Amino acid sequence: MEPVAFEVQPGITAIDTFFGGRERYTAAYLLDAEQPTLVETGPTHSVEPVAAALERLGIGPGDLAHIVVTHIHLDHAGGVGRLCRRFPRAAVHVHERGAPHLADPARLVASATRLYGEAQMRTLFGDVEPVPAKALHALTDGDSIDLGGRTLGVDFTPGHASHQVALTDSATGAVFTGDALGVHVPDLPVLRPATPPPDVDVEAAIASIDRIRARARSVLLFAHFGPIVEVERTCDLAIARLRGWAEAVRDELRRTDDAEEIVARLEQEALRDIRTGADAALDLDVLEERLRLLSSVRMNALGLMRYWRKRDERARPASGFGSPDDRASQPS
Ligand SMILES: [Zn+2]
């Protein structure tokens with residue numbers, strides 16, 4: 001596929017990673033600075049289109065100075081191991097809790113395979129290669145990554161994943177949001193929460209959205225997909241949707257333990273969001289199908305069920321029966 005890249009803010013270019021073979025679903029971003037910097041990589045299947053776009057933008061193998069990922073889910077960072085071999089001078093920056101999983105992706109891959117199955121792992125993501133230890137830089141909250149002439153401010157923004165960061169560009173006030181606000185793809189005017197297992201935390205996610213709102217001085221740069229200028233409205237909507245979905249799952253859990261019934265309820269919720277948010281001329285079935293890849297309702301339901309059950313367990317006196325807590329993370 002021809003590389004696709006377009007400027008979204010002065011000195012920030014969105015690059016289509018063609019995740020899942022689709023256009024305008026998942027973005028990486030190139031920051032123009034003395035030290036050229038890529039935010040997000042896409043999965044390993046995206047390495048060729050991203051490298052081709054970088055080359056077209058004048059970034060050769062020796063030129064890329066930094067790669068920063070908002071979190072380690074494979075649709076954002078699965079390709080970082082292979083990409084940093086193509087760009088051997090690049091330092092790889094990731095949340096301190098994500099760094100061990102990029103150095104040794106075995107648990108990350110095992111965890112994602114449990115969710116997606118072997119076949120989808122191959123078709124969607126491809127192999128996941130480790131990042132050499134000497135290239136890895138662990139980020140802590142409040143860090144500032146110096147790109148020469150501009151910086152990226154680091155805010156820990158847990159919720160969607162415990163190891164997610166948001167990045168604020170000093171030059172434009174744009175914020176790279178990762179999946180903190182959910183998924184919003186052009187042409188599909190629906191903001192959908194992204195609440196996959198294992199570590200979605202609704203209250204943390206809401207606090208993180210407010211943190212992003214306070215940082216943003218221009219646009220929100222979604223990984224899925226592109227710039228959104230209406231900061232206040234989008235943050236409000238993201239919180240409302242998240243609360244709505246979380247409450248729907250909580251309601252159902254009071255009534256049933258059956259995951260299928262809970263998934264069905266959340267599907268109704270998702271359809272209602274589409275009907276109230278979408279242009280009436282759009283075909284609802286097509287919309288639903290296109291959103292499924294990025295943010296499956298089933299995955300969101302399973303994540304929220306796990307969240308409420310963990311909360312209930314914490315609230316109960318210890319019974320001696322804990323649930324295994326898998327800290328490695330899944331893509332979304
Ligand atoms: Zn994610």
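The values are calculated or read from the model by the stated rules, or taken from the named source; none is laboratory data. Since the model is a prediction, treat every value here as computed from it, not as a measurement. Note: ideal-geometry Cβ built from the backbone for every residue, glycine included; neighbour counts use all protein chains shown.
Of these, P196, P158, which one is within 16 Å of the ligand (Cβ to nearest atom), at pLDDT below 95 and surrounded by 20 or more Cβ atoms within 10 Å (Cβ to Cβ)? Working first, answer last.
Details: P158 fails: at pLDDT below 95.
After ruling out the rest, the residue left standing is P196.
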Taking the range 164-193 only, how many residues are modelled with pLDDT of 95 or more, over 19 Å from A14 (Cα atoms) and more than 10 Å from the ligand (Cβ to nearest atom)? 0
Please verify whether P61 is more than 17 Å from the chain's Cα centre (by Cα), within 17 Å of G226 (Cα to Cα) and surrounded by fewer than 18 Cβ atoms within 10 Å (Cβ to Cβ), treating the condition exactly as stated. no
Restricting the range 32-56 to residues that are touching a strand residue (DSSP E or B) at 6+ places or on another chain (Cβ under 6 Å) and among the hydrophobic types (A, V, I, L, M, F, W, C), the residue that is nearest to A90 (Cα to Cα): L38
The correct count of residues that are surrounded by 14 or more Cβ atoms within 10 Å (Cβ to Cβ) and either in contact with a helix residue (DSSP H, G or I) (Cβ under 6 Å, 6 or more places away or on another chain) or of a type in the set (A, V, I, L, M) (or both) in the range 227-239 is 6
So for the range 149-159 (the condition being farther than 18 Å from S208 by Cα and in contact (Cβ under 8 Å) with a residue 24 or more places away in the chain), does at least one residue qualify? yes
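Could you pull out every one of the strands (runs of 3 or more DSSP E) wholly within the range 36-107 that has 3 or more residues that are away from the ligand (no atom under 16 Å from the Cβ)? Explain how you work it out, then say what you get.
Numbers: elements: 37-39, 66-68, 91-95.
Passing ranges, in order: 91-95.
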Across the range 236-269, the tally of residues that are more than 13 Å from P193 (Cβ to Cβ) and either among the hydrophobic types (A, V, I, L, M, F, W, C) or not in a helix (DSSP H, G or I) (or both) stands at 8
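Determine whether the range 83-92 contains at least one residue that is touching a residue at least 60 places away in the same chain (Cβ under 8 Å) and under 26 Å from G182 (Cβ atoms).
Step one: list which residues in the range 83-92 are touching a residue at least 60 places away in the same chain (Cβ under 8 Å), which gives none.
The answer is no; no qualifying residue exists.
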Checking the structure you have, find out if any residue of the range 5-13 is modelled with pLDDT of 95 or more, crowded, with 24+ Cβ neighbours inside 10 Å and charged (D, E, K, R). no
Going residue by residue through the range 286-308, is there one that turns out to be modelled with pLDDT of 75 or more, under 21 Å from E261 (Cβ atoms) and over 23 Å from the mean Cα position of the chain (by Cα)? no
